Amino acid sequence: MVTSRSKILLADDDMDMLNMVKKGLEGIDAEIAVAMDGREAVRLARENRPDLIVLDVMMPGMSGWEVCKAIREDESLRQTPVLMLTGIGEKLNEMTSPLYGADAYLDKPFGLEQLDETVRALLASRTKT
């Protein structure tokens, strides 16, 4: 169970998707920062040190995979859980996301309950480390 206020970074260039993900996280006590492109996501991650980063794969500036790789290469962010969200196809997502260091992935479209469960599990794993 997540007991303290978490910090989550959401990165997606689609405002409708950002709003849907924020709605899916309403039941989680979290401060949510939003990035609209990959470069902004890396900058905000370094500034805010979130407890979880939720990334779309296809974004301008840097792809979600490039952002995830940059996070894994940054000593201060290396242990931050990363959730990839993408509509590129389940098999491609399943094969590619772990290569870049993602902890979990959800294929679009996904249910809000599935998002909530995945986010809670990743935040809980963060508090154990």
Cβ pairs under 6 Å, 6+ apart or interchain, first in the stretch 102-116 and farther than 20 Å from I71 by Cβ, second polar (S, T, N, Q) and surrounded by 15 or more Cβ atoms within 10 Å (Cβ to Cβ), ordered by first then second residue, are D107/N93
G64 fails exactly one of (1) at pLDDT below 90; (2) of a type in the set (G, A, S); (3) open to solvent by less than 10 Å² (accessible area, probe 1.4 Å), namely (1)
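So in the stretch 73-113, with the set limited to residues that are charged (D, E, K, R), part of a helix (DSSP H, G or I) and in contact with an Asp or Glu (Cβ under 9 Å, 6 or more places away or on another chain), which one is modelled with the highest pLDDT?
Filtering the stretch 73-113 for residues that are charged (D, E, K, R), part of a helix (DSSP H, G or I) and in contact with an Asp or Glu (Cβ under 9 Å, 6 or more places away or on another chain), the one modelled with the highest pLDDT comes out as E90.
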Looking across the stretch 114-129 at residues that are among the polar types (S, T, N, Q), surrounded by fewer than 17 Cβ atoms within 10 Å (Cβ to Cβ) and modelled with pLDDT of 85 or more, the single one that is nearest to L55 (Cα to Cα) is Q114
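The values are calculated or read from the model by the stated rules, or taken from the named source; none is laboratory data. Since we're looking at a predicted model, the values are computed, not measured. Cβ sites come from the backbone with ideal geometry, for glycine too, and all protein chains shown count toward neighbours. Accessible surface areas use protein heavy atoms only, side chains included; no ligands, DNA or RNA. Shrake-Rupley method; radii C 1.70, N 1.55, O 1.52, S 1.80 Å.
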